[in-house]
1. Given the peptides 776-784, 233-241, 168-176, arrange them by the average over their residues of other C-beta atoms within 10 Å, most packed first.
2. Note the full-extension length gain between Asn756 and Asp159 as 0.36 nm times their separation in residues minus their Cα-Cα distance, in nm to one decimal.
3. For the chain, what relative contact order do you get, as a whole percent, if you take Cα pairs closer than 8 Å and at least 6 residues apart?
4. Enumerate the amide H contacts of Ile359 below 5 Å, restricted to partners 5 or more residues apart or on another chain; note that Pro and chain-start residues carry no placed amide H.
5. Going 7 Å from the Cα of Asp653 in the Cα-to-Cβ direction, what parts of the range 576-602 have a backbone nitrogen less than 17 Å from that spot?
6. Can you compute the FRET efficiency between Tyr546 and Ala671 using 1/(1 + (r/R0)^6), with r the Cβ-Cβ distance and R0 = 41 Å? Round to the nearest 0.05.
7. Protein chains only, probe 1.4 Å: how do Arg656, Arg987 rank by accessible area, largest first?
8. FRET efficiency for Lys329 and Ser660, Cβ-Cβ distance as r, R0 = 56 Å, nearest 0.05?
Amino acid sequence: MASKGVWKRCGLMVGLIVCAVAMLNTGLSAADTAPGRDPKQPIDEAYTAKIAKYTTEPYFTSPLVNYLPASKTVPTPEAVLGDVAGAPGILPYSAQVYQYMRMLEKASPRVKVFSIGRTEEGREMIAVAVSSEANLAHLDENRAKLAKLADPRTIHLNDADADKIVDGAVPVYYITGTIHSTETGAPTALMELAYRLAVDDSQYIQDIRNHVITLITPIVEVDGRDRMVDLYKWHLAHPQENYPPLLYWGHYVAHDNNRDAMAMTLKLSQNVLNTFVGWDAQVLHDLHESVPYLYDNTAGDGPFNAWVDPILTNEWEILGWRNVQDMTKFGMPGVFTHGEFDTWSPGYLMFFAALHNGISRLYETFGNGGADTEERTLQPDEYSRTWWRQNPPLQKVLWSQRDNNNYEETGLLTSLHFFSDNRAMFLKNFYLKAKRSVTKPEAEGPAAYVLPANDPRLGAQAELLNVLQLQHCEISRATAAFSVTVPVQKTSDHRKSSGEATGEKGEKKAEATAKTKTVDFPAGSYIIRMDQPYSRIADALLDYQYWSPDDPQKTPYDDTGWTFGELFNVKVVRVTDTKVLDAPMERVTTIAAPSSVSGSGTVFAINNNADTALATLRYKLKDAQIEAAEEPFDADGHKFNRGSFLVHGASGDDLRHAVSDLGLKAYGLGAMPSVKTHPVRAARVAILHTWLSTQTEGWWREALDFMHVPYDYISTQTVAKEPDLNSKYDVILFPPVGRFVSPDLIINGLSTDWGNPLPWKNTPETPNIGKLDSTDDTRPELGWDGVAHLQNFVKHGGVLVTVMDTANLAVALGLTHGVTVARTPREKIIGSVVRADMVDSTSPIAYGYGNQLSVYCFNGPAFDVSNIAGRGGFRRLGPEINGRPTGRGTLSDPDFVVGRQNEAAIEEPKVEPWQAEPVTNQELRNGIGVIPPAYRPRVIFRYADSHDLLVSGLVEGGDEIAQHAAIVDVPMESGHVVLFSNNPIYRGETRGSYSLVLNTILNFDSLNAGRKLDKQ
Ligand SMILES: [Zn+2]
């Protein structure tokens, strides 16, 4: 088509205006096809009348959606819904949506439905392709063409060949709806959109149908959708009553299902990416609802993600502004792009496209969280006119689901049309982005990332590589040892460019001046080559992030750091030396850490490297007796770390069977080594949740399920009713509740003094609700009975694990003698990776860890510890704080007093911020408040010094938390409360710190092991 040639001459954005004029002259531009119905095609009068009826203002619609074309053969959404799409009071279940899509498929050769996988709860996910008969008849041939553009190595990076393919290929525009279950409008909008694309004979729609394959997943979070429809139906059945918030969306997480595009732990992420990549789609356009009336927040605000191709960020602008322009011309208010959302984190579903050479897009439209028509009043920041929102939404309107559907469909249709008109440009860009991904090693670097074969944590290494495989990255393995040159890191830069496990050459002194050094890697090391089409996602996940405290963006939208090597506690070396690509290697498709059982005997030793597989093994070998070594030891020529397992009562065969997939190595020993041990028992574990939010604890359930660690799932209400928790559980995990939940709510819940009960129950009325947990009324929470039961549980030997806000709660409730939380008003650590330093490596909680660990922190509490009950941690006025007091002499001299003999001062004890001050003789006189040594808080990890704290992301005011205790074990009579300032189990990304929790579980009745008590 001639417009392709026009675009080729014009280049990109700079030529946009010139191009528009040129295209007008060619008679083949978007501007030439007027949007709107074909007068020759009859319309469905009744359906069209209802569209008008349910649209609350004439300007909340467009010529693209204010009618529905009639068809004699193809059913409209009314066939399933009983009314039109967007009708008030109608929210279809996934089954109805799928039923309709399959009716379309049956009735029209322009629709095909594909099953793309199942959810955690077994519900189907689908993708619906809509295009011309001819396009759908040649899907395979077209796919073969797109595959060549997607992997330009297949055409030897030949631009002329690419141009030929671009000429004949039909691009794929993938639309995904309702990942967020409370954002309910997309399924009906997409049902109607599919109908329009299949049936409408207007030139505008024909342009799209003939030149684009529109691929639609109407519901991404299917489990959550069905629960939401239940809830909405309950609301319709009880119109006068309040209804509970949607407590569970997906099986594990709620809103965070749109933060899983990095670690890909959820089925919906895997299914959507497999579809996007499987179709070699060009666009992934994800539909959300929160902002009036249509916010194309693809680009949002800075900072942009540093690893995406600038070709893409320009495409965002081209598509976004054109979209705004088209809808502005229709007279639809409140359509804008830019705004406050930053495009830094690649965790959003749409980012699958951004980092797989496609185009990521995201709409926020205005939803009512259901299908009620409601009066909506906006806040000033929502309706004000800004430079990026010249035609803002109105202050107060009556808003319907139909309005929302009008906006969604109009936005999508104008986008599809512009995309179809400019398909050659977008396809060529798709190829160019892939080509630039392949030429990355020479063009921009790095050349590769290497994961050395001698990493002590091969299990975690395999998990990281498995994530990269889920991301469709190619992984190679060195068949022989090789070496590369890497730059020497500055000493102030703690980042692990290469570790002790890699054979660094050269003297330390020489390194101080040398700019590069040679690093050797053993055979078997894994290599992620950057000369592959999906190099960018690997680069984005494995690289480091730096968010400047001076960045103009003061409110990061999500996490600012995520470096996967650090969070998985795995060595990853960024290599810019292109020689790495010449190393002898082979592509690998299956990756598993090697397991082995060698030797024989009555006892087998398994080293502890903080591998999560140890916990899996403990629960797998139910009947075996397992001991943990309390000190490192040597046996049969092998070195074993503290915490290593000594397994009795399992045969070599049983063990071999148990470790086969776990990446563990068991060594049969002639005899039990002479090292102090304690039993490692399969603790009875509960995960405790509130009825306020199940978002963040969901990641803990996901992780324990993933590791096959069994647990009971209980609520604060269970705890409130159960006085003898010890009879059921050894360990209660109380994961973070959420950023905005107060202790008041966790204890008191929502008042039952007014309003109606808010049930979360499985009933015929709500068949999809109440299966994970249920209650007649979600309003009550822990209550003071629950607090007392938790305290009792700990006093009688239970272990309570608390994290971030629940740790703050434990401290505030007085469950932890000698711990306070320091005020940190300047702390601004927004989802960053920070460094923690080991304080007490003899604690079982620390088993298998090295001296430093990177952890995930979101404004974590800064714990202070004290040996005096009720006293906060504080620091003496001493030289290391404010210098010496005013007086005679120099900084290092003592002061003196006139008129008397000046004795040399007794040296004050040096106390670090993570330590408790030693108890003084003064305090021991009638020492009522002195905590006996065995009951004092034991600090396991502390935050690193201020200059070492930042690993990845944003750290501002870091001095307020630096050096403070980060993980504290507080004995309480026979039990323990363990406090985490970091979140050790989060979004599937922090697998390197999972074992902090698993160690606590496995050693629940021996947490005092290795403890050295203060003398007084
Ligand atoms: Zn959303």
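1. In descending order of packing, they fall as 168-176, 776-784, 233-241.
2. 208.3 nm
3. 11 percent
4. Amide H neighbours of Ile359: Val283, Leu284.
5. Only 597-602 pass the distance filter.
6. Efficiency, from the Cβ-Cβ distance: 0.20.
7. Ranking Arg656, Arg987 by accessible area, largest first, yields Arg656, Arg987.
8. Once the sixth-power term is evaluated, E becomes 0.30.
The values are calculated or read from the model by the stated rules, or taken from the named source; none is laboratory data. Fair warning: this is a prediction, and the values are worked out from it, not measured in the lab. We place every Cβ from the backbone using ideal geometry, glycine too, and count neighbours over all the protein chains shown. These area figures cover heavy atoms from the full protein model, side chains too; ligands, DNA and RNA do not enter into them. Shrake-Rupley method; radii C 1.70, N 1.55, O 1.52, S 1.80 Å.
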